[in-house]
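J.: Attaching a single structure in structure tokens format; questions to follow.
The values are calculated or read from the model by the stated rules, or taken from the named source; none is laboratory data. Since the model is a prediction, treat every value here as computed from it, not as a measurement. A quick note on method: Cβ atoms are made from the backbone with ideal geometry, for glycine too, and the neighbour counts reach across all protein chains shown.
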Amino acid sequence: MKRISLLFLSVIWLAVGCANAVPEDHSFAKLPAPAPGEKVATFAGGCFWAMSEAMSELKGVNKVVAGYSGGTTVRPTYEQVCEKNTGHAESVQVYYDPKVISYAQLVDAFLYAHNPTELNYQGPDEGEDYRSAIFYHSPEEKAIAEAEIKKVNASHHYDKPIVTEVTEYKILYPAEVYHQGYYRTHPGSGYIQSVSVPKVMKMRKAVPQLLKPEFAK
């Protein structure tokens, strides 16, 4: 669904004279090793453009890499994932300082950064590649994720139960370079404005105490 939306928007941009647009970089991003004292967490919650931005706005988060996780295809391309036969979900790898923000707080923010009650879709984006998932890196993370889901369910913030899958992390393949930081590099995109921005604003409103100062306004 997102690819169709992007095609439609591309036609509009061409129609208004965007002939000088810079070509997107389709090479793959790198997945860095954690820095000393740094930990990583992995989530999937719909389009990774919005999720990357949402998680990057949290205090203690040093960087976020958009990629593909949870499937079987080795080193998939965006086009392959969009064809919905790789098993992968659009995901984010979050590099954070556990002395500043806890894993439980990351999970909490993640659950407010999208709609975790939607099974295999997020708004206009349909398919398992847009599923809600927490890929835990340890049994402790699994227990924390399940506890946070239970807590949010008990709060009745959502009118339906959370369907986020909690599954063991295997690998994340970094997405193409042009997907990294897409929210900020394409602020005028119709998709970003209509779909991504509301998700980020929703998270900011839900967990203002977890935001970096420049976003807690």
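J.: Would you mention how many residues in segment 60-98 are outside any loop (DSSP other than H, G, I, E, B) and closer than 20 Å to E126 by Cβ?
T.: 12
J.: For residues that are out of contact with any Lys or Arg (no Cβ under 9 Å at 6 or more places or on another chain), more than 21 Å from E128 (Cα to Cα) and touching a residue at least 12 places away in the same chain (Cβ under 8 Å), tally how many sit in segment 90-103.
T.: Adding up the residues that qualify gives 1.
J.: Right, another one. Can you tell me how many residues within segment 41-56 are part of a loop (DSSP other than H, G, I, E, B) and on the phi < 0 side of the Ramachandran plot?
T.: Result for segment 41-56: 1.
J.: To continue, here is another question. Quickly run through segment 112-122 and pick out the residues that are surrounded by fewer than 19 Cβ atoms within 10 Å (Cβ to Cβ) and outside any strand (DSSP E or B).
T.: Residues of segment 112-122 that are surrounded by fewer than 19 Cβ atoms within 10 Å (Cβ to Cβ), as a first pass: 117, 119-121.
If the condition is that a residue be surrounded by fewer than 19 Cβ atoms within 10 Å (Cβ to Cβ) and outside any strand (DSSP E or B), then T117, L119, N120 are the ones that fit.
J.: Kindly indicate whether any position in segment 154-177 is assigned to a helix (DSSP H, G or I), out of contact with any helix residue (DSSP H, G or I) (no Cβ under 8 Å at 6 or more places or on another chain) and among the β-branched types (V, I, T). It would help to see each step written out before you state the result.
T.: As a first pass, look at segment 154-177 and keep what is assigned to a helix (DSSP H, G or I): 154-155, 177.
Narrowing the set further to residues that are out of contact with any helix residue (DSSP H, G or I) (no Cβ under 8 Å at 6 or more places or on another chain) leaves 154-155, 177.
Retained after the next criterion (residues that are among the β-branched types (V, I, T)): 177.
Scanning segment 154-177, I find at least one residue that is assigned to a helix (DSSP H, G or I), out of contact with any helix residue (DSSP H, G or I) (no Cβ under 8 Å at 6 or more places or on another chain) and among the β-branched types (V, I, T), so the answer is yes.
Residue-by-condition table, conditions (1) aliphatic (A, V, I, L, M); (2) over 12 Å from the mean Cα position of the chain (by Cα); (3) at pLDDT below 95:
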{"residue": "A113", "(1), (2), (3)": "yes, no, no"}
{"residue": "G127", "(1), (2), (3)": "no, yes, no"}
{"residue": "Y130", "(1), (2), (3)": "no, no, no"}
{"residue": "Y136", "(1), (2), (3)": "no, yes, no"}
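J.: Then there's this: Only one of (1) charged (D, E, K, R); (2) farther than 21 Å from V163 by Cβ; (3) out of contact with any Gly (no Cβ under 6 Å at 6 or more places or on another chain) fails for E118. Which number is that?
T.: (2)
J.: Can I ask one more? Of (1) under 18 Å from T42 (Cβ atoms); (2) surrounded by fewer than 20 Cβ atoms within 10 Å (Cβ to Cβ); (3) free of Cβ contacts under 8 Å to residues at least 60 places away in the same chain, H137 satisfies all except one. Which?
T.: (3)
J.: Within segment 90-111, can one find any residue that is over 26 Å from K30 (Cβ atoms), surrounded by fewer than 21 Cβ atoms within 10 Å (Cβ to Cβ) and touching a Gly at 6+ places or on another chain (Cβ under 9 Å)?
T.: Yes - at least one qualifying residue is present in segment 90-111.
J.: Pick from Y130, Y112, Y136, Y121: which is more than 23 Å from M201 (Cα to Cα) and not charged (D, E, K, R)?
T.: Of Y130, Y112, Y136, Y121, the one residue that is more than 23 Å from M201 (Cα to Cα) and not charged (D, E, K, R) is Y136.
J.: Then there's this: What are the residue pairs meeting all of these: first residue in segment 18-32, first residue loosely packed, with under 12 Cβ neighbours inside 10 Å, second residue modelled with pLDDT under 65, Cβ atoms under 8 Å, and 6 or more apart or on different chains?
T.: Close Cβ pairs (under 8 Å, with a partner that is modelled with pLDDT under 65) amount to A21/W13.
J.: For the list (1) in contact (Cβ under 8 Å) with a residue 12 or more places away in the chain; (2) of a type in the set (K, R); (3) surrounded by fewer than 19 Cβ atoms within 10 Å (Cβ to Cβ), I need the number of the one condition that R131 fails.
T.: Every condition holds for R131 apart from (3).
J.: Considering only segment 21-50, state which residues are out of contact with any helix residue (DSSP H, G or I) (no Cβ under 8 Å at 6 or more places or on another chain) and of a type in the set (A, V, I, L, M).
T.: Answer for segment 21-50, where residues must be out of contact with any helix residue (DSSP H, G or I) (no Cβ under 8 Å at 6 or more places or on another chain) and of a type in the set (A, V, I, L, M): V22, L31, A33, A35, V40.
J.: Within segment 99-126, can you find the residues that are out of contact with any helix residue (DSSP H, G or I) (no Cβ under 7 Å at 6 or more places or on another chain), over 14 Å from L211 (Cα atoms) and not polar (S, T, N, Q)?
T.: Once the filter is applied, which keeps residues that are out of contact with any helix residue (DSSP H, G or I) (no Cβ under 7 Å at 6 or more places or on another chain), over 14 Å from L211 (Cα atoms) and not polar (S, T, N, Q), segment 99-126 yields K99, P116, E118, L119, E126.
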